[in-house]
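**Student:** Quick one: this structure, given as structure tokens, is what I'll be asking you about.
The values are calculated or read from the model by the stated rules, or taken from the named source; none is laboratory data. The structure presented is a predicted model; accordingly, all values stated were derived computationally and were not measured. Here Cβ is always computed from backbone atoms with ideal geometry, including for glycine, and neighbour counts include all displayed protein chains.
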Amino acid sequence: MSLAAYAERFERFAAALPEAERAARRAQLQRFVADGFPTPRLEEWHYTDLAPLSQRAFEPAAGGNAALAPHFLAGTDRLVYVGGMLVSADSTAPERHSAAAPAQDEGVYALNAAFARDGLLLRLGRGERLPRPLQVLIAGADGAVAAMTHQRHRIELAENTEATVIFQFLNQGGGGLATHVIDVRLAPGARLNLFRIQDERADATLLTRCDVRQERDSVLHAVSFDCGGGLVRHDLNILLAEAGAETGLYGLYQPAAGAHLDNHTRIVHAAPQCRSREQFKGIVDARARAIFNGKVVVQAGAQKTDSEQRVANLLLSPKAEVNAKPELEIYADDVKCAHGATVGQLDETALEYLRSRGVPPAEARALLLRAFATEVLDHVPLAPLRAALAARLGLAGTDAWELEA
Amino acid sequence: MLEVKGLHAKVEGKDILKGLDLSVRAGEVHAIMGPNGSGKSTLSHVIAGREGYEITAGSVQFDGRDLLALPPETRACEGIFLGFQYPVEIPGVSNLTLLKAALNARRKYRGQPEIDPGDFLAWVRDRARLVKIDPKMLSRGVNEGFSGGEKKRNEILQMLVLEPRLMILDETDSGLDIDALKIVADGINALRSPERATLLVTHYQRLLDYVQPDYVHVLARGRIVRSGGPELARELEQKGYGWLEAA
Amino acid sequence: MASQPQDIHELMRRREYSAGFVTAIESDTVPPGLSEDVIRMISARKQEPEWLLEFRLKAYRRWLRMEEPKWAHVHHPPIDYQAISYYSQPKSFKDGPKSLDEVDPKLLETYKKLGIPLKEQEMLAGVAVDVVFDSVSVATTFKKKLAEAGVIFCPISEAVREHPELVRKYLGSVVPFGDNFYAALNSAVFTDGSFVYIPKGVRCPMELSTYFRINERNTGQFERTLIVAEEGSQVSYLEGCTAPQRDENQLHAAVVELVALDDAQIKYSTVQNWYPGDEQGRGGIYNFVTKRGDCRGKRSKISWTQVETGSAITWKYPSCILRGDDSVGEFYSVALTHHRQQADTGTKMIHVGRNTRSTIVSKGISAGEGQQSYRGLVRVLESADNARNYTQCDSLLIGDRCGAHTFPYTEVRNPSARLEHEATTSKIAEDQLYYCRARGIGEEEAVSMIVNGFCKEVFKELPMEFAVEAGKLLAVSLEGAVG
């Protein structure tokens, strides 16, 4: 291991830090050096090996330019980060930006904690409602080479608040590495719609983790779309900490050729009468490797838990690979838990049927793929976002009525 | 046979029965009618022994024995049968298995030996014919994948096989088409005898066209507010239950 | 009226382990400890050829470098492998049993008590039995009748002497000596077990069965079973296991290898009732077993059925490697844990050949403070065109202090594969219980009926006589478990 390169970069980075932050961040870096990058020997990283990263050296990114205007969503407020730094000119809600305080973390995210400085800070006071959805665009800088960015974001919704936040990770190239931690706290009755769209380039490495703590009767509606390339790992950890909390996780992944995409979700039912729903769908083609690992834990005492998890995969190419692992860990008896996982292809009889009605084969395939994907797209109530996603996912032929929520 | 006196019962802390009196003698058919939420199903389940009902006052006696002290299985062995409003599905346990276990439990209770398997099959098949249940359905899981009508007919089949002394039919007629209703009524009538009594718990008068009751009681707000002969049922059919609320 | 949790536990406590007695028989047991010398001693006692000793020593040397697997959802104090005796045989046992008349009457009595009479005339017609007592096979019945059909059914130690070419060809060919920690240990120290060989085109004329019994204190049982089904042959095999009730934990680390050639079918059933330990979790068998079947031939089929009610800890994944085109693998399992029992069990289906199919049906029942995990892997390799898998795993919970877990791994590298996995978790519904009781059926019987219904899909895969046994075993194990 040559994690020395990371230590060396850190010292240079630390030199520019306020004195007060240095020790805490250095402790995190040491923690990272001690743990190293995760390898498949760790059950949680069974299918994703980050060890090769230890052989590489990245320079901390220092902002830059990127043409992002086509990605701006109508009717939303915006925060734009390029190369790890806020682009004030493009951001319509700069007040939501904050310098991140040092945090404590572990494993590869200790590396994030050591370096992360900038990010979103969304705090809503009791009863407040975010007037417009907030789009957080996170992009690599044009021409950047082997850059690394580390950011931490925080969303804190007080009682009976409501917000919609869209995280978009895109166009990171040049063999870069990006890590992001999104920390979410939902107070009683808070409601968060959280979208994550990942569209990285083939040589990017993106590691994101989102931790959500839900209190009484709070609601999380989280939808994620993966359509980029590179090596992408996303962890979504939900803690249903108090009774009546409800969470719905939906996802569509369509990794680009050569991509390695690993989605991990973990829902912990720690209180009674919580409800969780999860539906992920994968369209895996052309030498892409997709992993879905969804875990539901029902702790002792979490009676009347109602949990259902579904994952469906279409495997379309001989070089593609799907690994699915829907897990249940249950320590309470009065629960309703189910999960299902499938791997298969487009329905041949449906294809035949469409062709018999005169639809050409390619179009018939497209129609069925669209139908498969639309189920997830339906969980996006935001029209401009839905339209953008439909276009990006190759569902452009989708008739308007199919996209209407 | 059945003596209910001053019965008060609570479910989840809510008073449902508030001083109910009812006396049923062998050979009689009683109909208990009443609007939704009047306590009809509660009465059925309190007699059958379902848990979760708190009896705060009153008594229920069956042949002079305190019924409330007995677990549901003993009540069944004593000869009480409840036809469920919503029959339960038990996957993997065949109808025959359930019937055999139930029949033998009863025999054991009476000190009789287990029934001969051949006799048992012949007996069940014979009864199944009466309610037009396909013998193939007997080896399927209890109510598993049965339609609403099939479930109700299956309840009647169980009753015909077990030959109880007190038959309580909780809304057995609801949701049945006319053919199924006739089958159900035939089943009930087949068991009518001077030794047996029947309690028909129903919302509608329809079933009473086929099973002629001796007495009709109107249950409202947890008590029997009126009793009479079959003509009372027809009166209810015409007037509905609204007048009761006013009364 | 009952059906409160405290009653459940009260009733559960009443469960008795009827196989928990000890046979007072003098045994020749080597002192505890494991070394190359001990392995040489075992090999010498069994008059093994040099190649087998080499196999054992290679495995031992590999084992020394290996670590116990940590990924299973089970917890136990460290095992002191030097505190175990690796060989024990009844003193009366000389050069292996010649005929049933020579078997020590005390042993016959033991098996009779367990419901396995060894006198052929008393036995279930159509079932041949090999009985393994601690480290040795003490009797095999119906050998003559089987020999007439060309079937070899004998202790593996005897097979090593009588059919060395067969054993050498197949031993370790499905589970290599270094496959995993416990398989390596077994390969080093295995003492006895059954060997079955079904020649080409033969349909084995009777059920074959091996009955394993651990009797001696501080011993481990490390049996090895090898079943080879030649082209077009068929066999159904059943194993049963019990052990005395003791306060200490005893280790059972077996290896079972199955080989099915073209068009061959092997059905392997297990009714495992090792001593589960008491309600405080004292004692009980650690059952760490590697079972694997190789569908080597085209259109071959291997079917595992297991009913696991015993053992303090079960770590077991009977698997199928579907190498032959059109081969079929099946796994049907009922596992029950109560008191402090822990089970981490499931299967692996490795699809290699074309048009291979696998079915997995797993039913887990957890009561008391039992912890139950299903762990399964379905892997479809690039070569496995048109592979199909259907997996269903259902868990039933009885009481709020137990746990039920599902860890299914699906790995697919072929775009023509179709896989389906379904899992549910539920408890015995109160309305089901009430319904049965309202029909006059007592609580215990109702629970047992509902649980048996829950397991029906698996029981129907067992040979008839054993299905009945399995049902009864489950009923005994769940006596009074009312939810």
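**Student:** Give the range C:376-395 a look and list any residue that's surrounded by fewer than 24 Cβ atoms within 10 Å (Cβ to Cβ) and out of contact with any Leu (no Cβ under 9 Å at 6 or more places or on another chain), or say none.
**Tutor:** Once the filter is applied, which keeps residues that are surrounded by fewer than 24 Cβ atoms within 10 Å (Cβ to Cβ) and out of contact with any Leu (no Cβ under 9 Å at 6 or more places or on another chain), the range C:376-395 yields C:LEU377, C:ARG379, C:LEU381, C:GLU382, C:SER383, C:ASP385, C:ASN386, C:GLN392, C:ASP394.
**Student:** Another question about this same structure. For the range C:273-317, which residues satisfy the criterion of being buried (at least 23 other Cβ atoms within 10 Å of the Cβ), among the polar types (S, T, N, Q) and over 14 Å from C:TYR17 (Cβ atoms)?
**Tutor:** C:ASN287, C:THR290, C:SER300, C:THR305, C:GLN306, C:THR314
**Student:** Please give the number of the condition C:SER358 fails out of (1) at the interface with another protein chain (Cβ under 10 Å from one of its Cβ atoms); (2) without any contact (Cβ under 8 Å) to a residue 40 or more places away in the chain.
**Tutor:** Among (1) at the interface with another protein chain (Cβ under 10 Å from one of its Cβ atoms); (2) without any contact (Cβ under 8 Å) to a residue 40 or more places away in the chain, the lone unmet condition for C:SER358 is (1).
**Student:** So in the range B:49-66, with the set limited to residues that are surrounded by 19 or more Cβ atoms within 10 Å (Cβ to Cβ) and closer than 26 Å to B:GLU114 by Cα, which one is farthest from the other protein chains (Cβ to nearest Cβ)?
**Tutor:** Ranking the qualifying residues of the range B:49-66, first place goes to B:PHE62.
**Student:** Okay, next question. Step by step: first the residues of the range C:397-414, then only those that are in contact with a Leu (Cβ under 9 Å, 6 or more places away or on another chain) and more than 25 Å from A:ALA290 (Cβ to Cβ), then the one that is farthest from the other protein chains (Cβ to nearest Cβ). Which residue is that?
**Tutor:** C:ILE398
**Student:** Further question on the same structure: Do you know which residues across the range B:18-41 are surrounded by 17 or more Cβ atoms within 10 Å (Cβ to Cβ) and over 19 Å from B:PHE62 (Cα atoms)?
**Tutor:** Those that are surrounded by 17 or more Cβ atoms within 10 Å (Cβ to Cβ) and over 19 Å from B:PHE62 (Cα atoms): B:LYS18, B:MET33, B:GLY34, B:PRO35, B:SER38, B:GLY39.
**Student:** Turning to a different aspect of this structure: Within 12 Å of another protein chain (Cβ to nearest Cβ), more than 15 Å from the chain's Cα centre (by Cα), closer than 25 Å to B:GLY13 by Cα and surrounded by fewer than 18 Cβ atoms within 10 Å (Cβ to Cβ) - does that describe any residue in the range B:71-78?
**Tutor:** Yes, the range B:71-78 contains a residue that is within 12 Å of another protein chain (Cβ to nearest Cβ), more than 15 Å from the chain's Cα centre (by Cα), closer than 25 Å to B:GLY13 by Cα and surrounded by fewer than 18 Cβ atoms within 10 Å (Cβ to Cβ).
**Student:** Filtering the range C:256-308 down to residues that are in contact with a helix residue (DSSP H, G or I) (Cβ under 9 Å, 6 or more places away or on another chain) and not in a strand (DSSP E or B), which residue is nearest to C:ASP326 (Cα to Cα)?
**Tutor:** Ranking the candidates gives C:ASN273 first.
**Student:** Being within 17 Å of B:PRO71 (Cβ to Cβ) and hydroxyl-bearing (Ser, Thr, Tyr) is the filter; apply it to the range C:415-468 and report the residue that is farthest from the other protein chains (Cβ to nearest Cβ).
**Tutor:** C:SER448
Residue by residue, here is whether (1) under 20 Å from A:THR305 (Cα atoms); (2) surrounded by 23 or more Cβ atoms within 10 Å (Cβ to Cβ); (3) without any contact (Cβ under 8 Å) to a residue 24 or more places away in the chain holds:
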site	(1), (2), (3)
A:PRO188	yes, no, no
A:ALA204	no, yes, no
A:ARG209	no, no, no
A:ASN263	no, yes, no
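**Student:** If A:SER317 meets every condition in (1) free of Cβ contacts under 8 Å to residues at least 40 places away in the same chain; (2) within 30 Å of A:ILE238 (Cβ to Cβ); (3) within 7 Å of chain C (Cβ to nearest Cβ) apart from one, which number is that one?
**Tutor:** (2)
**Student:** Answer with yes or no whether A:THR342 is away from chain C (no Cβ under 14 Å), surrounded by 15 or more Cβ atoms within 10 Å (Cβ to Cβ), without any contact (Cβ under 8 Å) to a residue 40 or more places away in the chain and of a type in the set (S, T, N, Q).
**Tutor:** no
**Student:** Same structure, new question: Determine the pairs where a residue that is free of Cβ contacts under 8 Å to residues at least 24 places away in the same chain and over 22 Å from C:ALA19 (Cα atoms), located within the range C:457-474, has a partner that is outside any helix (DSSP H, G or I) and basic (Lys, Arg) with Cβ atoms under 8 Å apart, the partner being 6 or more residues away or on another chain.
**Tutor:** none
**Student:** Within the range B:146-156, track down each residue that is surrounded by fewer than 24 Cβ atoms within 10 Å (Cβ to Cβ), in contact with a Gly (Cβ under 9 Å, 6 or more places away or on another chain) and in contact (Cβ under 8 Å) with a residue 40 or more places away in the chain.
**Tutor:** Once the filter is applied, which keeps residues that are surrounded by fewer than 24 Cβ atoms within 10 Å (Cβ to Cβ), in contact with a Gly (Cβ under 9 Å, 6 or more places away or on another chain) and in contact (Cβ under 8 Å) with a residue 40 or more places away in the chain, the range B:146-156 yields only B:GLU155.
**Student:** Further question: Anything in the range B:113-139 that is closer than 14 Å to B:GLN158 by Cβ, within 14 Å of chain C (Cβ to nearest Cβ) and touching a residue at least 40 places away in the same chain (Cβ under 8 Å)? List them, or say none.
**Tutor:** Within the range B:113-139, none qualify.
For every residue, the table says whether it meets (1) facing chain C (nearest Cβ under 7 Å); (2) more than 18 Å from C:HIS73 (Cα to Cα); (3) of a type in the set (Ser, Thr, Tyr).
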site: A:ARG287; (1), (2), (3): no, yes, no
site: A:LYS295; (1), (2), (3): no, no, no
site: A:THR305; (1), (2), (3): no, yes, yes
site: A:ARG310; (1), (2), (3): no, yes, no
site: A:ALA324; (1), (2), (3): yes, yes, no
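**Student:** Please work out which one of (1) under 20 Å from the mean Cα position of the chain (by Cα); (2) of a type in the set (S, T, N, Q); (3) at pLDDT 90 or above is the condition A:THR342 fails and give its number.
**Tutor:** (1)
**Student:** Could you tell me whether the range A:74-94 includes any residue that is hydrophobic (A, V, I, L, M, F, W, C), farther than 21 Å from A:GLY175 by Cβ and assigned to a helix (DSSP H, G or I)?
**Tutor:** There is at least one residue in the range A:74-94 that is hydrophobic (A, V, I, L, M, F, W, C), farther than 21 Å from A:GLY175 by Cβ and assigned to a helix (DSSP H, G or I).
**Student:** Turning to a different aspect of this structure: Name the single residue that is modelled with the lowest pLDDT among those in the range C:330-363 being of a type in the set (Lys, Arg) and in a strand (DSSP E or B).
**Tutor:** C:LYS363
**Student:** Please work out which residue is surrounded by the most Cβ atoms within 10 Å (Cβ to Cβ), limiting yourself to the range C:174-209 and to residues that are within 19 Å of the chain's Cα centre (by Cα) and aliphatic (A, V, I, L, M).
**Tutor:** Checked the range C:174-209; the qualifying residue surrounded by the most Cβ atoms within 10 Å (Cβ to Cβ) is C:ALA183.
**Student:** How many of the residues in the range B:83-112 are at the interface with chain C (Cβ under 7 Å from one of its Cβ atoms) and more than 29 Å from B:LEU43 (Cβ to Cβ)?
**Tutor:** 3
**Student:** Given the conditions (1) more than 7 Å from every other protein chain (Cβ to nearest Cβ); (2) free of Cβ contacts under 8 Å to residues at least 24 places away in the same chain, which single one is not true for C:SER373?
**Tutor:** The number of the failed condition is (2).
**Student:** Identify the single condition in (1) in contact with a Phe, Trp or Tyr (Cβ under 8 Å, 6 or more places away or on another chain); (2) among the basic types (Lys, Arg); (3) under 30 Å from A:GLN303 (Cα atoms) that C:LYS348 does not satisfy, given that it satisfies every other one.
**Tutor:** Failed condition: (3).
**Student:** Also: Report, by residue number, each residue of the range A:43-60 that is in a loop (DSSP other than H, G, I, E, B), under 21 Å from the mean Cα position of the chain (by Cα) and of a type outside the set (S, T, N, Q).
**Tutor:** Passing the criteria: A:HIS46, A:TYR47, A:ASP49, A:LEU50.
**Student:** Report the residue count in the range C:404-427 for those that are farther than 30 Å from C:VAL352 by Cα and either surrounded by 24 or more Cβ atoms within 10 Å (Cβ to Cβ) or among the acidic types (Asp, Glu) (or both).
**Tutor:** Summing the residues that are farther than 30 Å from C:VAL352 by Cα and either surrounded by 24 or more Cβ atoms within 10 Å (Cβ to Cβ) or among the acidic types (Asp, Glu) (or both) in the range C:404-427 gives 2.
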